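These notes are about the structure you will find just below.
The values are calculated or read from the model by the stated rules, or taken from the named source; none is laboratory data. Small disclaimer: the values here were computed from a predicted structure and weren't measured. Here the Cβ is made from the backbone with ideal geometry for all residues, glycine too, and neighbour counts use every protein chain on show. The protein model used for the area step is the full one, side chains on, heavy atoms only, and it has no ligands, DNA or RNA in it. Shrake-Rupley method; radii C 1.70, N 1.55, O 1.52, S 1.80 Å.
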Amino acid sequence: MSAPLHQFSVPLSATRRGARLARLLAAEQLTTWELPLDPARLVIAELAANAVLHGRVPGRSFRLTLSVVRPGTLRIEVADTRGEHLPVPGRADAEAPAESGYGLLLVEELADRWGVRCGPLPCKTVWAELDFGSCR
């Protein structure tokens, strides 16, 4: 992958406050880059919440990285230190209704592409890409 056109990266505490700050900082950065806020902020909110809920290791942070990898394509990455705990999308057709587990279904629906990259140990990065067309 070539160097991104724009990049923003910040470590955040693996707390609800850190997840909220991820959403606020991302919205500010997207506005600066003149990219649409939605659906990016929904994807960012879900990935940050998952990092706090499922990827939290006491005393360790998670990292939010936003990159414009080519004109009109935003890449969102959220890295945490629970590499052994890989995300599993919820099932929309589950027999019993669940109180959680549908967030990655939302990411899958909103993102053009998404996935997980393992490493460097003990980390994992959940990423999603959004194509906005001919944005800057």
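Output the residues belonging to segment 1-17 that are under 19 Å from S61 (Cβ atoms), surrounded by 14 or more Cβ atoms within 10 Å (Cβ to Cβ) and out of contact with any Phe, Trp or Tyr (no Cβ under 7 Å at 6 or more places or on another chain). First the steps, then the outcome.
Filtering segment 1-17 down to residues under 19 Å from S61 (Cβ atoms) leaves 7-17.
Of the ones still in play, those that are also surrounded by 14 or more Cβ atoms within 10 Å (Cβ to Cβ) are 8, 10, 12-14.
Result: F8, V10, S13.
Counting only residues that are under 15 Å from the mean Cα position of the chain (by Cα) and of a type outside the set (F, W, Y), how many does segment 1-12 have? Even if it seems obvious, please write down each step before you answer.
First, the residues of segment 1-12 that are under 15 Å from the mean Cα position of the chain (by Cα): 7-12.
Cutting the leftovers down to of a type outside the set (F, W, Y) gives us 7, 9-12.
Residues that pass the stated criteria total 5.
Quick check: anything in segment 121-136 assigned to a strand (DSSP E or B), open to solvent by 60 Å² or more (accessible area, probe 1.4 Å) and modelled with pLDDT of 85 or more? Walk me through it before giving the result.
Start the filter on segment 121-136 by keeping residues that are assigned to a strand (DSSP E or B), which leaves 124-131.
Among the residues that remain, those that are also open to solvent by 60 Å² or more (accessible area, probe 1.4 Å) are: 131.
Now drop any that are not modelled with pLDDT of 85 or more, which leaves 131.
The answer is yes; a qualifying residue exists.
In segment 42-74, how many residues are in contact with a Phe, Trp or Tyr (Cβ under 6 Å, 6 or more places away or on another chain) and either assigned to a helix (DSSP H, G or I) or farther than 19 Å from R20 by Cβ (or both)?
So the count comes out to 2.
For G55, all conditions in the list (1) farther than 13 Å from W127 by Cα; (2) open to solvent by less than 10 Å² (accessible area, probe 1.4 Å); (3) under 11 Å from the mean Cα position of the chain (by Cα) hold save one; what is the number of the exception?
If we test G55 against (1) farther than 13 Å from W127 by Cα; (2) open to solvent by less than 10 Å² (accessible area, probe 1.4 Å); (3) under 11 Å from the mean Cα position of the chain (by Cα), just (3) comes out false.
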